[in-house]
Amino acid sequence: MSLQQTVAGYFPPPLLRILAAAVPVVVVCFFVARLHDKAPPPETMTPEAIAQRLQPVAVPVGTTADASAAAPAAPLKGQAVYEATCVACHGAGIAGAPRFGDREAWAPRIAHGYAVLVKHATEGFTGKGGLMPPKGGGDYQDLEIARAVAYMADQSGAKFPEPETLAKK
């Protein structure tokens with residue numbers, strides 16, 4: 001009687017296949033686990049080395065690593081604001097928002113004038129045609145919102161210049 005016949009007599013073949021697959025995995029795991037049992041080099045465990053590894057690496061947007069009190073970033077252009085936030089609703093026409101470039105939907109809004117459009121975009125607006133959350137739900141300067149309004153309206157037939165500054169109220 002051969003060894004194979006003797007082993008097969010004690011263990012069913014599916015169990016032998018499972019053992020044949022599991023044994024190499026267990027051996028590899030044992031060797032990998034032993035690699036992690038080594039102590040780290042002492043120079044990496046000093047309080048200074050640990051403190052260095054725990055330093056924050058992220059830099060807040062609009063600042064530099066060397067000058068955290070740098071001047072605020074320049075206001076965004078209208079297209080940048082549109083692409084970052086406005087496109088979410090105006091790209092698909094969600095909540096009654098006039099779609100970007102849809103002259104027919106924008107025409108009655110443009111007829112109200114640029115100041116009214118900016119007021120609704122900045123302060124928010126709810127009407128029978130839909131709603132506009134204040135600043136599109138974003139955290140923008142009023143100038144950035146005014147620029148985004150000009151950009152979107154101009155793509156739909158208006159001729160509003162993108163403002164450089166906001167007029168005093």
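Please report, to two decimal places, log10 I(q)/I(0) for the range 78-154 at q = 0.21, 0.24 Å⁻¹ as given by the Debye formula with identical point scatterers on the Cα atoms and no solvent.
Here the Debye-derived log intensity ratios amount to -0.88, -1.22.
Could you put 147, 103, 53 in order, starting from the residue whose Cβ has the fewest other Cβ atoms within 10 Å?
Ordered from fewest to most neighbouring Cβ atoms within 10 Å, 147, 103, 53 come out as 53, 103, 147.
On a straight-distance basis, which aspartates and glutamates could pair with residue 77 in a cross-link, Cα separation under 13 angstrom, same-chain partners fewer than 8 positions away excluded?
Once the sequence-local aspartates and glutamates are set aside, what remains near residue 77 is 142, 144, 162, 164.
Order by neighbour count: 139, 154, fewest other Cβ atoms within 10 Å first, most last. Before the final figure, lay out each step's value.
On the way: 139 8, 154 16.
The most exposed by this proxy come first: 139, 154.
Values quoted throughout were computed directly from the atomic coordinates according to the rules given, and no laboratory measurement underlies them. Since the model is a prediction, treat every value here as computed from it, not as a measurement. Note: ideal-geometry Cβ built from the backbone for every residue, glycine included; neighbour counts use all protein chains shown.
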